[in-house]
Ligand code: SIN
């Protein structure tokens, strides 16, 4: 073993850093930073209930957006512990925006019935959260190294006992925490940077853990359309925050007709799965590659949304005078590695937190601006758990652990094309079956493995719910939200799917 520590955290986003910071005083902790993930790109803000709002109202909006599939206990944890975590962020030096009279500036986004979203730098909340947490973690003695995991180390009884890095270093640990984010790169276009490849999901599967709710892949309604008309978008797309709609912008088609008027009581601020579907329907109807977000009524646009304004300037659009071209793009994985409310997977020694984890808090569709909050709340809970108990003692290893390697994909671009074509906003049973057949030809690499988990789960859920829309099963079944779809790997490395009853 090249070195050992108490806890290795894979990922330096909001969830990983929150976990590491919470452990710094009591445990040796090492963070492997694979490069900036989704956190610094998060725009809108942090949803949190305080003042005139209350956690129960935040819980209600979270559960409505989650379309009947949320775990009520996980939601309660999120909304009740959230305000305290935000207060801690501020105490650590996180600089949130204020109004002219000194109150926190708060905004609306899709699915919220109350302006409870605090933000930083206008629309640069994630970058500020990442900066503040990282500075605090480093000051507290957390070691952060620039590398990533190529495998997990496992003892003969299956316990995870460390990490193998891409540089060939073996790091022994009493606990390994996956905080690797979502799976944006599994699709051709995403708001996530390319480093977000679903590696943590593949590692968990290889180690014997279960994934849950993998069919619930969220598409953000308004990624900036940066291509030529008719072109297929590729790579990381700039986000146009929902907070722009919260400030009054509306979605229109090429003729200027409102898209969301009359489609939902909250119109342009309906939950994002609903808005993304309506946009997709208009694009299909019109044979268009994008629609428009008309933000001309939003005063002082460049000051309130500097990140969006800069991205628009790159494509020659001035939101103060011109509608912004937008289209949906993959954004967030609502499911992930199945964990309890303290981050434990079913594999001893292996934990997961943040977007890579499935606590059930998001159900079938995450409420806007609940993800930074999730990372802070569940990161802190996991740190508390690992402060109280660690699974085993590396001081007396019984046997040299074996590495479970991630491996390499034979044809990553083929995987991405299949997922984009068959497992996007709209799915259909025969196409999902064709996708599984095609993915089966593409080997056992991490992207192909994660893609199969999504497709197999989507094929299993024969209904439409939240961000899982089946054109062949358009209805939401009365009892469909009462079960989860769970995936493990069988002995041949193929996804094995089962349904389990939801706990709450
Ligand atoms: C946004 O600013 O629209 C994204 C926020 C989120 O994903 O919660």
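We did not get these values from a lab; they are worked out from the coordinates using the rules stated. All values reported here derive from a predicted model rather than from experimental measurement. Backbone-built Cβ (ideal geometry, glycine too); neighbour counts: all protein chains shown.
Across all directions, the shadow cast by the convex hull of region 48-108 built on its C-alpha atoms averages 4.8 square nanometres. Dividing the mean sequence gap of close Cα pairs (under 8 Å, 6+ apart) by how many residues the chain holds gives a relative contact order of 22 percent. For the pair residue 303 and residue 402, the difference between a 0.36 nm per residue extended length and the Cα-Cα distance amounts to 30.3 nm. Computed from Cα atoms, the angle from the helix 125-139 axis to the main principal axis of the chain rounds to 30 degrees.
Given their separation in residues at 0.36 nm each and the Cα-Cα distance between them, residue 73 and residue 384 gain 110.2 nm when the chain is fully extended. Secondary-structure-derived ellipticity at 222 nm for the chain, considering helices only, amounts to -9500 deg cm²/dmol, per-run term -39500 (n - 2.57) for DSSP H runs with n ≥ 4.
Take 482-492, 171-181 and order them by the average number of nearby Cβ atoms within 10 Å per residue, most first; the result is 171-181, 482-492. Protection proxy ranking of 14-22, 118-126, 464-472, 296-304, by the mean of other Cβ atoms within 10 Å over each peptide's residues and highest first, is 14-22, 118-126, 464-472, 296-304. Take 370-380, 135-145 and order them by the average number of nearby Cβ atoms within 10 Å per residue, most first; the result is 370-380, 135-145.
Let a ≥ b ≥ c be the square roots of the eigenvalues of the Cα gyration tensor of region 393-504; is it rounded (a/c under 1.5), or, if not, prolate (a/b larger than b/c) or oblate? Note, shape of region 393-504 comes out oblate. Using a cutoff of 8 angstrom between alpha carbon atoms and counting only pairs six or more residues apart, the relative contact order for region 219-268 works out to 24 percent. For region 461-504, what class follows from the C-alpha gyration tensor (a ≥ b ≥ c being the square roots of its eigenvalues): rounded when a/c is under 1.5, otherwise prolate if a/b is larger than b/c, else oblate? Because a/c hits 1.5 or more and a/b fails to exceed b/c, region 461-504 counts as oblate. Net length available on complete extension from residue 411 to residue 479 is 20.6 nm, with 0.36 nm assigned per residue and the Cα-Cα distance removed.
Computed over the chain, the Cα gyration tensor eigenvalues convert (square root of 5λ each) into semi-axes of 34, 27, 20 Å, ordered from largest to smallest. Against the chain, whose longest principal axis comes from its Cα atoms, helix 55-65 is set at around 80 degrees.
Between 0 and 90 degrees, the angle of helix 429-440 with respect to the longest Cα principal axis of the chain falls at about 40 degrees.
Normalised by residue number, the volume inside the convex hull of the Cα atoms of region 213-276 is 123 Å³ per residue. Quick check on region 184-225: take the gyration tensor over C-alpha atoms, sort the square-rooted eigenvalues as a ≥ b ≥ c, and tell me if it's rounded (a/c under 1.5), prolate or oblate. Here region 184-225 falls in the oblate category.
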